[in-house]
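Notes follow once the structure below has been shown.
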Amino acid sequence: MRKALLVIAAGIMLVAGMAVVSTAEVKNPDTLIVADIGTVDSLDPAWAYDTASGARIFNIYETLITFKGGSTDEFVPLLATKVPTVENGLISPDGLTYTFPIRKGVKFHNGEPLTPEDVEYSFERAMVQDRDGGPVWMLYEPLLGIHGSRDGNGNIIIDFEDIDRAVEVEGGSVVFHLKQPYPPFLAILANTWGSIVNKKFCVENGDWPGTADTWKEYNNPEPGKETLHGIACGTGPFKLERWEPGVETVIVRFDDYWREPARLKRVMWKVVDEWTTRKLMFLAGDADIIYVPHAYVQELEGVKGINVAKNLPTLALSAAFFNFDINPEGNADIGSGKLDGEGIPPDFFADKDVRLGFAYSFDWETYLRDVFHNEALKPVGPIPEGIAYRNPDQETYYFDPAKAKAHFKKAWDGKVWEKGFKFTLLYNSGNTQREIAARIFEENVEALNPKFQIEVRPVDWSAYLKELVNRRLTLFIIGWLPDYADPHNFVHPFMHSQGDFSSFQSYSNPIVDELINRGIRTVDPEKRRSIYYQLQWIYHEDVPSVPLYQELVRHYERDWVHGWYYNPIYPNGEIQGYLYPIYKK
């Protein structure tokens with residue numbers, strides 16, 4: 001069923017929501033203007049791990065291979081000339097060696113030619129940098145068999161020789177040596193963290209020089225200190241003109257691109273958090289593509305001059321995560337820091353009954369109807385529909401105030417119910433879906449006991465991410481757009497002690513870690529199914545987080561925009577995705 005959905009999506013250049021012919025004059029015919037929410041965190045491919053940053057990187061840099069149209073599991077060559085397979089001899093029979101012949105005649109934006117050494121440097125640089133909470137675990141896991149360069153205490157646990165042996169140049173090719181068979185490896189290389197950077201540009205701007213004796217100096221830089229934070233030099237169809245954090249990003253056509261130059265001369269992303277402003281820009285033609293929250297879709301129904309693609313299947317899953325060990329340092333969001341009615345202790349959510357109290361306080365029926373107009377699914381666990389080994393019969397949580405009250409009365413040996421609590425729940429500003437979810441928790445939990453107090457407060461996206469990494473968030477709502485279409489890429493961030501969400505909420509279950517590690521190494525489908533079904537059962541029992549929704553999304557554009565197509569794995573794919581084929585007419 002999933003493959004059928006993807007085939008349909010791949011064949012859609014645009015699903016017209018209404019049959020209209022634009023009679024308006026095309027505004028800014030050579031410039032595409034995207035009005036969206038969410039500020040860019042970094043332009044460094046080895047650092048960025050959010051969709052806003054990824055959307056920019058995806059169009060400035062290129063990877064060795066890329067996805068074929070709308071497919072998430074078929075690939076075509078890009079900076080490599082062939083997609084490795086066992087049949088063409090570029091993947092070894094044991095699945096441990098991948099060889100990529102590197103394309104010749106490709107230029108970086110600074111005019112330097114692409115070389116196999118640039119490719120080797122790109123992946124070694126990423127593993128050298130390996131920042132906290134970043135995407136590079138996806139390289140470490142298949143190549144070195146570990147999650148990263150440091151242990152839980154921040155101590156370096158590898159030698160540079162480990163990195164050096166993993167990626168090597170052989171003639172005109174680059175060879176990857178895997179520690180273990182890893183089925184999703186090609187899909188990992190096809191996304192933004194597989195972007196190829198120019199070694200000369202990086203070194204000239206103060207980055208790692210590629211030497212063994214210096215690598216530790218460049219490991220885990222402070223946020224904003226990564227060399228490519230605000231500069232870029234890729235081989236993609238567009239090059240960076242400017243990035244004004246929180247305001248806009250502008251990229252311009254690269255005329256020396258190795259394929260035909262892009263038809264657009266310029267693309268501008270404008271950060272416009274306020275919906276009415278985005279809508280007025282769109283209707284006036286001052287924005288060509290915009291983000292439309294489900295709460296406002298009715299305002300654009302039937303409007304002439306606008307095309308909309310509906311019910312696009314996503315792989316994204318959003319959930320509410322409990323922080324088991326909140327960082328109390330200077331943290332006003334936990335109030336007094338005690339269970340005295342004026343705050344919560346840092347380990348407040350470590351009590352399972354607290355978590356279950358919140359889980360049974362969320363009203364999915366109302367939420368999915370009123371916010372998404374039922375263009376969203378209620379998840380059954382950490383593996384969304386469309387991903388292999390999801391258990392459709394898994395027991396789920398549901399709205400039951402009586403059950404919620406019973407669990408809150410048991411929590412902390414009855415002290416929660418007796419004394420009450422007070423804390424702040426943050427969401428990223430402009431995200432209406434998350435704001436409403438937060439307010440549903442607020443309203444329904446507070447209705448159970450007048451001593452329960454929750455404040456809901458917005459912060460900008462970059463601040464939200466920093467609070468997440470610093471483990472200062474209390475109960476946080478965030479979504480996971482998969483890095484590749486495999487159940488490992490959901491259970492790991494949602495459940496593993498070193499996962500990208502679970503690590504920042506201090507959730508740890510040794511049985512879970514072992515099952516997840518076994519699952520990614522297992523080739524037999526039935527054995528994998530058994531492992532992931534067990535993980536979904538544990539997830540329901542442990543309640544590390546509460547899955548809220550899996551969206552069916554829409555794409556909105558002015559009818560003078562052409563060439564867009566949908567791939568659910570692209571960063572911000574439903575908004576603008578891959579810009580190279582887009583033009584205005």
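The values are calculated or read from the model by the stated rules, or taken from the named source; none is laboratory data. Everything numeric in this text was worked out from a predicted model, so none of it was measured. When we count neighbours, we look across all protein chains shown, and the Cβ atoms used for this are built from the backbone with ideal geometry, even at glycine. SASA here: full protein model, heavy atoms, side chains in, ligands and nucleic acids out. Shrake-Rupley method; radii C 1.70, N 1.55, O 1.52, S 1.80 Å.
Taking each residue of the range 565-582 that is on the phi > 0 side of the Ramachandran plot and looking for partners that are hydrophobic (A, V, I, L, M, F, W, C) and part of a loop (DSSP other than H, G, I, E, B) with beta-carbon atoms closer than 9 Å, six or more apart or interchain, yields 572/481; 577/564. Being more than 20 Å from residue 562 (Cβ to Cβ), open to solvent by 10 Å² or more (accessible area, probe 1.4 Å), in a helix (DSSP H, G or I) and of a type in the set (Asp, Glu) holds for only one residue in 241, 329, 299, and it is 299. Would you confirm whether any residue within the range 514-525 is open to solvent by less than 10 Å² (accessible area, probe 1.4 Å), closer than 19 Å to residue 152 by Cβ and in a helix (DSSP H, G or I)? Yes, some residue in the range 514-525 is open to solvent by less than 10 Å² (accessible area, probe 1.4 Å), closer than 19 Å to residue 152 by Cβ and in a helix (DSSP H, G or I).
Quick one: would you say residue 430 is modelled with pLDDT under 95, outside any helix (DSSP H, G or I) and crowded, with 21+ Cβ neighbours inside 10 Å? Here the answer is yes, as residue 430 does meet what is asked.
Scoring residue 455 on the criteria (1) within 16 Å of residue 358 (Cβ to Cβ); (2) assigned to a loop (DSSP other than H, G, I, E, B) leaves a single failure, condition (2). When 538, 520 are checked against the criterion of being among the aliphatic types (A, V, I, L, M) and either modelled with pLDDT of 95 or more or more than 24 Å from residue 142 (Cβ to Cβ) (or both), a single residue qualifies: 538.
Screening the range 150-221 for helices (runs of 4 or more DSSP H) wholly inside it with 3 or more residues that are modelled with pLDDT of 95 or more and open to solvent by 60 Å² or more (accessible area, probe 1.4 Å) returns the ranges 160-166, 199-204. Being in a loop (DSSP other than H, G, I, E, B) and either touching a helix residue (DSSP H, G or I) at 6+ places or on another chain (Cβ under 7 Å) or at positive phi (or both) is a condition met by no residue of the range 400-414. Being in contact (Cβ under 8 Å) with a residue 24 or more places away in the chain and within 20 Å of the chain's Cα centre (by Cα) holds for only one residue in 215, 208, 193, and it is 193.
Reported count of residues in the range 567-585, each being under 15 Å from residue 267 (Cα atoms), touching a Leu at 6+ places or on another chain (Cβ under 9 Å) and open to solvent by less than 10 Å² (accessible area, probe 1.4 Å), is 3. One residue stands out among those in the range 350-379 that are touching a residue at least 60 places away in the same chain (Cβ under 8 Å), open to solvent by 20 Å² or more (accessible area, probe 1.4 Å) and in a loop (DSSP other than H, G, I, E, B): the one that is farthest from residue 433 (Cα to Cα), which is 351. Within the range 259-270, residues that are open to solvent by less than 80 Å² (accessible area, probe 1.4 Å) reach partners that are assigned to a loop (DSSP other than H, G, I, E, B) and among the acidic types (Asp, Glu) with beta carbons closer than 7 Å, at six or more positions or on different chains, in the pairs 261/255; 264/30; 266/30. Select from the range 239-266 the residues that are within 22 Å of the chain's Cα centre (by Cα) and of a type outside the set (Ser, Thr, Tyr) and list them in ascending order. Correct list: 240, 243, 244, 245, 246, 247, 248, 250, 251.
Applying the criterion of being out of contact with any Pro (no Cβ under 7 Å at 6 or more places or on another chain) and either open to solvent by less than 10 Å² (accessible area, probe 1.4 Å) or touching a residue at least 40 places away in the same chain (Cβ under 8 Å) (or both) to the residues of the range 337-349, the residue that is nearest to residue 374 (Cα to Cα) is 349. Residues that are out of contact with any strand residue (DSSP E or B) (no Cβ under 8 Å at 6 or more places or on another chain) and either of a type in the set (A, V, I, L, M) or within 30 Å of residue 570 (Cβ to Cβ) (or both) within the range 148-186 comprise 148, 158, 163, 179, 180, 181, 182, 183, 184, listed in sequence order. The set of residues in the range 455-470 being crowded, with 19+ Cβ neighbours inside 10 Å and either over 22 Å from residue 41 (Cβ atoms) or touching a residue at least 60 places away in the same chain (Cβ under 8 Å) (or both) consists of 461, 462, 465, 468. Are any of the residues in the range 414-429 of a type in the set (Phe, Trp, Tyr), over 19 Å from residue 477 (Cβ atoms) and touching a residue at least 40 places away in the same chain (Cβ under 8 Å)? So far as the range 414-429 goes, no, none of its residues is of a type in the set (Phe, Trp, Tyr), over 19 Å from residue 477 (Cβ atoms) and touching a residue at least 40 places away in the same chain (Cβ under 8 Å).
Yes or no, residue by residue, for (1) assigned to a loop (DSSP other than H, G, I, E, B); (2) surrounded by fewer than 22 Cβ atoms within 10 Å (Cβ to Cβ); (3) at pLDDT 95 or above:
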{"residue": "45", "(1), (2), (3)": "yes, no, yes"}
{"residue": "72", "(1), (2), (3)": "yes, no, no"}
{"residue": "86", "(1), (2), (3)": "yes, yes, no"}
{"residue": "93", "(1), (2), (3)": "yes, yes, no"}
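Name the pairs: first residue in the range 12-39 and at pLDDT below 50, second residue of a type in the set (Val, Ile, Thr) and open to solvent by less than 70 Å² (accessible area, probe 1.4 Å), Cβ to Cβ under 7 Å, at least 6 apart or on different chains? Close Cβ pairs (under 7 Å, with a partner that is of a type in the set (Val, Ile, Thr) and open to solvent by less than 70 Å² (accessible area, probe 1.4 Å)) amount to 17/308. Among the residues of the range 47-67, the one identified as touching an Asp or Glu at 6+ places or on another chain (Cβ under 6 Å) and modelled with pLDDT under 95 is 50.
All conditions in (1) of a type in the set (D, E, K, R); (2) over 19 Å from residue 112 (Cβ atoms); (3) free of Cβ contacts under 8 Å to residues at least 40 places away in the same chain hold for residue 274, with the sole exception of (3).
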